Every structure is written in C-alpha cells, then in structure tokens.
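The values are calculated or read from the model by the stated rules, or taken from the named source; none is laboratory data. Predicted model, so just to flag it, every value in this text is computed and none were measured. Cβ atoms come from the backbone with ideal geometry, glycine included; neighbour counts cover every protein chain shown. Please note that ligands, DNA and RNA were not included when accessible areas were found on the heavy atoms of the full protein model with its side chains. Shrake-Rupley method; radii C 1.70, N 1.55, O 1.52, S 1.80 Å.
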Amino acid sequence: MIKVEHLYKQFGHNEVLKDISTHVDKGEVVAVIGPSGSGKSTFLRCLNFLEEPTKGRIWIDGEEITDKKINIMKVRSEIGMVFQHFYLFPHKTVLENLTYAPMKVKKMKRQDAEAKARELLAKVGLTEKEGAYPNNLSGGQKQRVAIARALAMEPKLMLFDEPTSALDPEMVKEVLNVMKDLAQTGMTMMIVTHEMGFAREVADRIIFIDGGKILEEGTPEAFFSHPKTTRAQDFLDKVL
Ligand code: ADP
Ligand code: MG
C-alpha cells in the first residue's frame, strides 16, 4: 500500500529526513514513534504530499506519487489524514462536516453522502451529535468526528499524526478505541503516537525514528522488549 525509497526532506539547510526507506502492506497497522523533532510529522506529510520530498520516491497503492505527472489531488483524496488538532469546519454541523468532501470532491448525491455519514457516526458512537456544531463537542468527540470525516471519503489508507496528544486524559481512550476498531476492519494505518500501550497492543509493526532516520523497525514485542539501539532504549526509558 505504501512504498518509500530513499526519502530525503530538507527545510533550507535543515536536513529533516535522511534516507528513509520502508513499506507498508495492505491492512497493516504501523506505529511511528520517536522523540519530538525527529521528523515523524514531516515523514507522514510527505506520504500525501503535504510536504514535497527533496529526494526519493514514494508509491501509494502502486502509483508513484513522486512522479511529476501524477494528479496529487486525486491521490490525496484517497488518503485519510487525522491530525493532533481536528480542523473541523466550525460553521458546519457534524453531519455536514462528513458530507462536504464526498459531495464536493467525489460528486456523491446528498442522500448517499448522508447515509454513509450516519453509518460512520454510528461507528464512532456519535449518532446523536449529527446536528451539533464542533464548538459544542468535547475534544474526544471532535477527534472522533475528524476520523469519521476522513473515512467518509473511503480512503485506501489512514494516516494519524498524534491524534490523542491534544486531548484531556479522560478522552484519549474513546479515540484510541475507535482507531482500534478501525484497525480490526483491515484498514491500512500509519500512526504517529506517544501512546506506547496502544502501539504495543494494536500495531503490527513499530518504526522508531530518531534524527530523521529509521533506527529500528520490527514487531512491538521485539521493539519494546529488546530494543537494539541505545537511542531506542533511552527513549523507552523516558516514556515508559
Ligand atoms: P516530529 O513530528 O517528530 O516532532 P517534525 O517532523 O515536526 O518532527 O519536525 C522535524 C524538524 O523539521 C524540526 O526541526 C522542525 O523544526 C522542522 N520542520 C518541520 N516542518 C517545517 C517547516 N514547514 N519548515 C521548516 N522546518 C520545519
Ligand atoms: Mg510531530
């Protein structure tokens, strides 16, 4: 579903990603962890071209998105992204937040878009909030709406960038549970997270990034129980 070959990203003289290569299979759940400033967000943003790689090649579902000829808007519409901050449309209701892009970008009929939206709201446990405005929701509810909104576009894969980092502690679990359910449906997911318990339980694979490089890549069991590098060990000592 994702293939990355020798990806580099520079901001001015700051080389943020240094020769990242990896791949993610269809249905795989990969957790990306590492210290702050190590390039995790930049990496995720390169995968849907919110950042343009300086060098290297990326394929999404067999299509090379680093090919100059590609229609990047189309590729992006097939990738769901959920950020730390929710970026919901404040003047639209929850239901309208979910139907907007499918109607506008995918030219779905309102009736179909609404049916799909209601199905997704049920999945994230927010059926009764369809008429509410984002400002009247809790942080956890907003993030569940953001996830449902991304899913409304029927993406091939979902990217999450610290989806629970801005939430009050008591709301973290409801969002992680929605993500866990989603993982069980076979969605391909790449998740930047500091929730180590979640990563260990839900991820098929852990990628540990430090200083713009993948230092370790393996099963949660291997990574958490037997980290190979001292940098990963130090990181785990600090966060666990
Ligand atoms: P992480 O998500 O792991 O905390 P980031 O990918 O956000 O790390 O940032 C990695 C480095 O890239 C940091 O030094 C940051 O300042 C720099 N950076 C990120 N985005 C930009 C940008 N748009 N312009 C300039 N520098 C950036
Ligand atoms: Mg980040």
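Look at region 1-23: where a residue is farther than 15 Å from Asp210 by Cβ and a partner is among the acidic types (Asp, Glu) and open to solvent by less than 50 Å² (accessible area, probe 1.4 Å), sitting 6+ places away or on another chain with Cβ atoms under 8 Å, you get Met1/Glu28; Lys9/Glu51. Scoring Phe86 on the criteria (1) in a helix (DSSP H, G or I); (2) aromatic (Phe, Trp, Tyr); (3) crowded, with 18+ Cβ neighbours inside 10 Å leaves a single failure, condition (1).
One line per residue, one yes/no per condition, for (1) farther than 23 Å from Pro220 by Cα; (2) more than 13 Å from ligand 1 (Cβ to nearest atom); (3) at pLDDT below 95:
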residue: Lys18; (1), (2), (3): yes, no, no
residue: Thr22; (1), (2), (3): no, yes, no
residue: Val29; (1), (2), (3): no, yes, no
residue: Gly34; (1), (2), (3): no, no, no
residue: Lys40; (1), (2), (3): no, no, no
residue: Leu44; (1), (2), (3): no, no, no
residue: Asn48; (1), (2), (3): yes, yes, yes
residue: Ile58; (1), (2), (3): yes, yes, no
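Filtering region 6-35 to residues that are of a type in the set (Gly, Ala, Ser) and within 16 Å of ligand 2 (Cβ to nearest atom) leaves Ala31, Gly34. Working carefully through the options Ala101, Ala113, Ala122, find the one that is open to solvent by 50 Å² or more (accessible area, probe 1.4 Å) and small (Gly, Ala, Ser). Checking each option against the conditions leaves just Ala122. Gly131 meets the conditions (1) open to solvent by less than 10 Å² (accessible area, probe 1.4 Å); (2) over 19 Å from the mean Cα position of the chain (by Cα) in every case but one. The failed one is (1).
Rundown of residues vs (1) among the acidic types (Asp, Glu); (2) away from ligand 2 (no atom under 16 Å from the Cβ); (3) at pLDDT below 95; (4) open to solvent by 50 Å² or more (accessible area, probe 1.4 Å), yes/no style:
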position	(1), (2), (3), (4)
Gly140	no, yes, no, no
Ala152	no, yes, no, no
Leu159	no, no, no, no
Thr164	no, no, no, no
Val178	no, yes, no, no
Met187	no, yes, no, no
Glu195	yes, no, no, yes
Phe198	no, yes, no, no
Arg231	no, yes, no, yes
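Against the criterion of being more than 18 Å from the chain's Cα centre (by Cα) and modelled with pLDDT of 95 or more, Asn97 qualifies.
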